[in-house]
1. Share of antiparallel DSSP beta bridges in the chain, in percent to the nearest 5?
2. Can you give me the distance in nm between label points at E236 and D295, each placed 7 Å from the Cα along the Cα-to-Cβ direction?
3. Looking at segment 139-242, send over the antiparallel percent of its DSSP beta bridges, to the nearest 5.
4. Along the principal axes of its C-alpha atoms, what lengths does segment 189-332 span, in descending order and rounded to whole Å?
5. Roughly what angle does helix 11-38 make with the longest principal axis of the chain, taking Cα atoms, 0 to 90 degrees, to the nearest 10?
6. State, as an integer percentage, the relative contact order of the chain based on alpha-carbon contacts under 8 Å between residues 6 or more apart.
7. Using a/c under 1.5 as the rounded threshold, could you call segment 184-244 rounded, prolate or oblate? The axes a ≥ b ≥ c are square roots of the C-alpha gyration tensor eigenvalues, and prolate needs a/b larger than b/c, oblate otherwise.
8. Helix 306-326 sits at what angle to the longest principal axis of the chain, using alpha carbons and giving 0 to 90 degrees rounded to 10?
Amino acid sequence: MPIAYKAPTTPIARRSVLRAGLAAAAASALGAPALASSFPNKPIQLQLPFPPGGMFDAVLRALAEAAAKDLGQPIVLMHRAGAGGVTGVSSLTSMGDADGYLLGVMHNSVIRWPHMNKVNWDPRTDFTYLLGLNNLTTGVAVAADAPWKTLAELLADAKAKPGQLSWGNVGAISVNRIYGERLGRKVGAKFNFIPFKGGNEQLTAVVGRHLDVYGDPGFGAMARSGKLRVLATFTEQRLAQWQSVPTMRDLGHDFVIHSPFGLVAPKNMDPAVRTRLESAFRKATDDPNYRRIADDFDLEPWVKSGEEYRQYAVAQYDREKQMLDEIGFKPE
């Protein structure tokens, strides 16, 4: 027969238990600061969801180098492309180690994905949101020697030759692809939309005249080199470095793309580690080299706390569903 446990009854015994309890409570209270002070003690991996050589590579490399100085450990970039940039980020949801040594780059295609495919994860609850970084700037660009000098000329040609002009985007159903289709439908034009694995591959195709239209962010460097002609942007206002380039609204098309990206990690991260990472990367957003490279790609600063970014993702999840419903998208 089991013997029931009896609490100590002598004063000495009671004092011993009390001291032990206070010591345990103190250790628990000190646990978070102690963890924060020891983190990190090894290199951190930052997983990029696109191939090497593109805009994300250049921008996040500069950010990682700046944050590494504050953290005192190197941040190693790892590339895991696939599914229009979704595979690499969504893989974080199956990794139980939320210890701060594996991070990823979140973007809105990941938030949209569960509306399009059956998945066992939810972007609203299955990530630790660390920091919002920048808003992507989407443009419509063609090769410098292409025949179209204006967006109106391009749309008229696409209307006269249904399905013959090719329009590139990273991913099969990115927001930039969706807005390209909406623009075509509005004017009665039909493009042949071509998905690419990364922006660098797409830029090479359009400059080489194997692709007619570049419809993504990251056009700035090629345009400044004289290899691309930017016809319009999906922005609220004209870009500071491209004052001569009209927005879609300037041209009578009420289309604006808001597409931010930021940093996430596996869910259930220790708050002390999350705070340490958020602080280091927030400081890094002020680094002059990072800011210069971000400006080269016409990225609009969108620095949000981890909690602000999480709240945005929750709201954006519903907006993405509404947008897909508007174009009549049905999951396969």
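1. Numbers: 22 of 38 bridges.
Given both bridge residues lie in the chain, the antiparallel proportion sits at roughly 60 percent.
2. Result for the modelled spin labels: 2.0 nm.
3. Working: 6 of 13 bridges.
So the antiparallel bridges in segment 139-242 amount to around 45 percent.
4. Cα extents, longest axis first: 51, 42, 29 Å.
5. The answer is roughly 20 degrees.
6. Details: 590 pairs, mean separation 88.3, N = 332.
Rounded, it is 27 percent for the chain.
7. Numbers: a/c = 1.88, a/b = 1.08, b/c = 1.74.
It is oblate, given that a/c is not under 1.5 and a/b is not larger than b/c.
8. 40
None of the figures in this text is laboratory data; all of them are computed from the coordinates on show. On a predicted model such as this, the values are computed, not experimentally measured, just so you know. Cβ atoms come from the backbone with ideal geometry, glycine included; neighbour counts cover every protein chain shown.
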